[in-house]
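Structure first, commentary second.
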Amino acid sequence: MDYQFKEIEQKWQKFWADHQTFKAESNSEKPKYYVLDMFPYPSGAGLHVGHPLGYIASDIFSRYKRLKGFNVLHPMGYDSFGLPAEQYAIQTGQHPAITTEANIATYRRQLDQIGFSFDWSREVRTSEPSYYKWTQWIFMQLFNSWYNIENDRAEDISTLIEKFNASGTADVKAVCDEDTRVFLPSDWATFTEEERQIELLKYRLTYLRESTVNWCPALGTVLANDEVKDGFSERGGFPVEQKKMMQWSMRITAYSDRLLQGLDTIDWPEPIKEMQRNWIGRSVGASVKFAVDSLQLAVEETENLAPKTEKYIEVFTTRVDTIFGVSYLVLAPEHEWVAELTTPEQKQAVEDYIALTKKKSELDRMADTKTVSGAFTGTYVVNPVSGERVQLWIADYVLAGYGTGAVMGVPSGDQRDWLFATHFNLPIVQILDAQKDIDIQADPTKEGKYINSGFINGMEYKEAVAFLNNWLEERGAGRAKVNFRQRDAIFGRQRYWGEPIPVYFKDGLPYLVKEEELPLLLPEIDKYLPTDTGEPPLARAENWLPKDGGHYELSTMPGWAGSSWYWYRYMDANNDSDFASKEAVEYWKDVDLYIGGSEHATGHLLYSRFWNKFLKDLGYTKEEEPFKKLINQGMIQGRSNFVYRVNDENGKPTNTYVSAGLRKEYKTSALHVDVNIVENDTLDLTKFKAWREEYANAEFILEGGKYICGVEVEKMSKSKFNVVNPDDLIERYGADTLRMYEMFLGPLEQSKPWNTNGIEGVFKFLRKFWRLFHNEAWEFTVSDIEPTKAELKSLHKIIKKVQDDIERFSFNTSVSSFMIAVNELTDLKCKNRQILKDMVIILSPYAPHICEELWVLLGNEAGTLSYTAFPTFNPEYLVEDEFAYPVSINGKMKMNLNLSLTLAQPEVENILLADEQFQKFLDGKPTKKIIFVKGKIINVVV
Ligand code: ANZ
């Protein structure tokens, strides 16, 4: 029979499902190997050809590892909470759970069609109560923990309370809020329950904090940075402002150092590690206190340690050596002391400036290094080392959330400070010996001595820094400090479709729900929108009340909650009494190979490492790092189309869309449009209006009566509406072809545009492979004769090649080698059962269906080859064992003689002398001498 891929694939998919072929047991004599894919968000669009790329690679690897004798865990599930289902719910009233369920069904059908070897008995869905019960449970553990610096790990909050009882705050070294109180055990004893809870909240690993967020009043919600475009919401184009809100936060900064150190122990792509290092952003410097001038402190006075009630502004600097060059101080406009420190004369200027900066996002503020703006507060501060008075300003180049939110301005040291000082006419002091031509910005460690720098005059950089840190510390005016760029992570969204936070409020204070009450179920609501008073959707729930009175937390967890621990759930997915049993966690330990996109570099991959370390600290898990090896698959790019929305002169969006050729004449924003309503780059206007509510009344500026869309090659993604569906390709060519073709496209890690043209070639290859096992009439025909050397050589070449390739994760190179091997065997007319059986095993990780079918045809009636052994490579078959010796007589080349390379001189002489052709050349003369050089030549002297 010809290659009937459809029947074969359906048959084997059913077989695998019926027999639970890929079910992994959590105990085994075999060594374990855990292969994990980043699980998908089940979007309404289904899978596109880019999604399975990583899954195919990990599936090949899993199948290969099984053949190599490993107990492989290769699970799959769904990251099923998230915005699109909620957005759809808002538009249609459909419950997100229903949409999600339907989307998952589509994903499952698509995944099954590709023939993955997933252990579906371990499937997880983050939006299922049986799963999010444990996400909530982990939240509770975090709430009940603090970070003890002394032991460098998280501990139960009870150990902190013990310390408070025994010695107050004296013995406490914690990662905590800035505004913790200093108290004695006797104070603690007199604290009310409320006071205690307020204090403990400052230490908990998840806590409430006032944070600045992108608030969109029209949508009634907080938006992520990438949902905001030029100050307007991406969806709908509504204005977005910066607003302060109480939010749950995760004290990830407690782990900054360990998150950095751990990077050196894992096999991850260097760029991802570097991104995490930058994100964590460790900087070594000093914190320095500048006294507010109403105190009129001078150097001498600071030496008599100032009383605690006085006000100091603390700055963080990486260049304490420049402190004698400070000519002003700057606070972030959001700094909590701004109002207090502003004099009545400057009040208006400061307030105007704050209003102005509110419109800029933090990202814009960081990106803008050219514009100089700011306002003087009217207050002066005192430089602790020089005693000099300098002005206190506010300016938006200083970020509230970094360091201390206050900066010392050194115009001679820092380019930005220099711009600022020049613009506002502030003094500039040269502090390094200019004669030596030292550029302090470029390299402070270069030789060069300070001038105009008080007691560090004449010192060099290192000496000056050490001296100053010490000097400041002795006087309580500062100290060496390591600062991290990383901030605590916001852990709440004002949305419906997420995990309810297991907290209720009573008298304004947060309390955990009882563990027996988990999961705290997501309540039913009538509409998925914020309330009229701007409260999150959960405020709509009726009769959703905690047993002990008060009210539940109304925000839900962010998208990253459920994915920060899911690899543990796979270890024991159906456990009701634990997030995973101790035994399962001990057996599977960690993920050996993790494949997924690099877009998660500083999100998921950092949060997961954080929760992993936390769970380990509490003794629930064993490994410091969750993912030993990480591979980022490249992106399969798509071809996107754009429409151009016209904006008015203030940058506000209108409802008019201009054709690509005319867009230069207007101010526009480019917006993606679904490639399915565009043909040959011409937009179907009717379909466009029907596509989305906001376009229903769209107006168009056409060219030649048509609306021409813009085009770009970029990421294939639902949000870019440029998706190619694998279903059509499977229908035409089958899953085995799709699997091999996706690998054939190029190195796994590389990004590449999708191009369907080459798929035919891979399909022909598989048919040729099938043909090897069949005669002209497509009847299955193999023979049991001994394999020839040439056949064995072809086979062992490919065994070695595929093994080496897979171990190096070089999947594309194997595909072309398979093609060569099959061509060779076809040319050799190989029908040998032994050879073909091994070929089937080697190809099976790539093209499992066709191989399973041939395996059975070869006589292995019991079914699957998944657990057979990968053929062993034998290098002997590759050794060239014959050589065509040139034979020369009296220095003249006469003939070649094919001889085995194992032969030595006496045998060679015998064969040579018996050779008819040789005898002809001798022409009856006797040989005087035969010189034999093995593997090279035979020289005969007559
Ligand atoms: C004085 C100085 C002199 C500085 C000089 C630099 C060069 P990294 O490496 O990123 O940690 N800074 C501190 N807090 C800031 C904030 N909240 N917003 C904006 N800038 C802030 O850089 C630390 C340096 O960035 C600090 O050292 C401070 O400027 C500035 F020749 O202090 B420096």
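The values are calculated or read from the model by the stated rules, or taken from the named source; none is laboratory data. Only a predicted model underlies this, so the values are computations on that prediction, with no experimental measurement involved. Quick reminder, even Gly has a Cβ in these numbers, built from the backbone with ideal geometry, and neighbours come from all protein chains shown. Heads up: the accessible areas ignore ligands, DNA and RNA and are worked out on the full protein's heavy atoms, side chains in. Shrake-Rupley method; radii C 1.70, N 1.55, O 1.52, S 1.80 Å.
So here's what we get for this one:
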{"quantity": "In the range 908-938, residue nearest to residue 789 (Cα to Cα) [restricted to those that are of a type in the set (Val, Ile, Thr) and free of Cβ contacts under 8 Å to residues at least 12 places away in the same chain]", "calculated": "933"}
{"quantity": "For residue 778: the one exception among (1) of a type outside the set (S, T, N, Q); (2) closer than 30 Å to residue 882 by Cα; (3) not in a helix (DSSP H, G or I)", "calculated": "(2)"}
{"quantity": "Qualifying residue in the range 533-549 (condition: open to solvent by 40 Å² or more (accessible area, probe 1.4 Å) and assigned to a helix (DSSP H, G or I))", "calculated": "yes"}
{"quantity": "Single condition residue 700 does not satisfy, out of (1) modelled with pLDDT under 95; (2) within 30 Å of residue 658 (Cβ to Cβ); (3) not in a helix (DSSP H, G or I)", "calculated": "(1)"}
{"quantity": "Residues located in the range 396-426, provided they are within 9 Å of the ligand (Cβ to nearest atom) and under 17 Å from residue 354 (Cα atoms)", "calculated": "397, 398, 399, 400, 401, 405, 406"}
{"quantity": "Pairs with Cβ under 6 Å, 6+ apart, first in the range 892-907 and touching a residue at least 24 places away in the same chain (Cβ under 8 Å), second open to solvent by 90 Å² or more (accessible area, probe 1.4 Å)", "calculated": "895/917"}
{"quantity": "Which numbered condition residue 736 misses (of (1) open to solvent by 50 Å² or more (accessible area, probe 1.4 Å); (2) in a helix (DSSP H, G or I))", "calculated": "(1)"}
{"quantity": "Qualifying positions in the range 806-821 - closer than 23 Å to residue 876 by Cβ and crowded, with 20+ Cβ neighbours inside 10 Å", "calculated": "806, 814, 818, 821"}
{"quantity": "Test: residue 876 is open to solvent by 80 Å² or more (accessible area, probe 1.4 Å) and not in a loop (DSSP other than H, G, I, E, B)", "calculated": "yes"}
{"quantity": "Single residue of 343, 377 found to be away from the ligand (no atom under 14 Å from the Cβ), touching a Leu at 6+ places or on another chain (Cβ under 6 Å) and in contact (Cβ under 8 Å) with a residue 12 or more places away in the chain", "calculated": "377"}
{"quantity": "Any hit, the range 906-915, residues being farther than 30 Å from residue 844 by Cα and under 60 Å from the mean Cα position of the chain (by Cα)", "calculated": "no"}
{"quantity": "Breaking point among (1) within 14 Å of the ligand (Cβ to nearest atom); (2) within 17 Å of residue 323 (Cβ to Cβ); (3) at pLDDT 95 or above, for residue 393", "calculated": "(2)"}
{"quantity": "Residue count for the range 668-689, restricted to those that are surrounded by fewer than 18 Cβ atoms within 10 Å (Cβ to Cβ) and either over 36 Å from the mean Cα position of the chain (by Cα) or of a type outside the set (A, V, I, L, M, F, W, C) (or both)", "calculated": "11"}
{"quantity": "Residues located in the range 781-792, provided they are in a helix (DSSP H, G or I) and surrounded by 18 or more Cβ atoms within 10 Å (Cβ to Cβ)", "calculated": "791, 792"}
{"quantity": "All positions within the range 470-494 that are more than 16 Å from the ligand (Cβ to nearest atom) and open to solvent by 20 Å² or more (accessible area, probe 1.4 Å)", "calculated": "470, 471, 473, 474, 475, 476, 490, 493"}
{"quantity": "Scan of the range 579-599 for residues that are under 21 Å from residue 62 (Cβ atoms) and at pLDDT below 95, ordered by number", "calculated": "597"}
{"quantity": "1 or more residues more than 23 Å from the chain's Cα centre (by Cα): qualifying strands (runs of 3 or more DSSP E) within the range 596-667", "calculated": "636-647, 653-658"}
{"quantity": "Residue match in the range 750-759 (condition: crowded, with 21+ Cβ neighbours inside 10 Å and in a helix (DSSP H, G or I))", "calculated": "no"}
{"quantity": "Residue match in the range 800-815 (condition: of a type outside the set (Ser, Thr, Tyr), over 26 Å from residue 748 (Cβ atoms) and either part of a helix (DSSP H, G or I) or touching a strand residue (DSSP E or B) at 6+ places or on another chain (Cβ under 7 Å) (or both))", "calculated": "no"}
{"quantity": "Options 558, 510, 519; residue that is of a type outside the set (Asp, Glu), on the phi < 0 side of the Ramachandran plot and touching a Leu at 6+ places or on another chain (Cβ under 9 Å)", "calculated": "510"}
{"quantity": "Residues (open to solvent by less than 40 Å² (accessible area, probe 1.4 Å) and under 24 Å from residue 231 (Cβ atoms)) located in the range 654-667", "calculated": "656, 657, 658"}
{"quantity": "Failed condition for residue 370, given (1) outside any loop (DSSP other than H, G, I, E, B); (2) more than 14 Å from the ligand (Cβ to nearest atom); (3) closer than 29 Å to residue 223 by Cα", "calculated": "(1)"}
{"quantity": "Filter pass, residue 210 being touching a Lys or Arg at 6+ places or on another chain (Cβ under 6 Å) and either within 23 Å of residue 506 (Cβ to Cβ) or not β-branched (Val, Ile, Thr) (or both)", "calculated": "yes"}
{"quantity": "Those residues of the range 564-580 which are of a type in the set (Gly, Ala, Ser) and within 29 Å of residue 601 (Cα to Cα), in sequence order", "calculated": "564, 573, 580"}
{"quantity": "Filtered residue count, the range 224-266, keeping only those that are open to solvent by 80 Å² or more (accessible area, probe 1.4 Å) and not in a loop (DSSP other than H, G, I, E, B)", "calculated": "9"}
{"quantity": "Qualifying positions in the range 121-134 - more than 24 Å from the chain's Cα centre (by Cα) and closer than 20 Å to residue 58 by Cβ", "calculated": "121"}
{"quantity": "Residue in the range 840-856 that is over 28 Å from residue 746 (Cα atoms), touching an Asp or Glu at 6+ places or on another chain (Cβ under 8 Å) and surrounded by fewer than 20 Cβ atoms within 10 Å (Cβ to Cβ) present", "calculated": "no"}
{"quantity": "Test: residue in the range 386-395 that is part of a loop (DSSP other than H, G, I, E, B), among the hydrophobic types (A, V, I, L, M, F, W, C) and closer than 26 Å to residue 244 by Cα", "calculated": "yes"}
{"quantity": "Boolean, residue 248 is within 30 Å of residue 222 (Cβ to Cβ) and either out of contact with any His (no Cβ under 8 Å at 6 or more places or on another chain) or modelled with pLDDT under 95 (or both)", "calculated": "yes"}
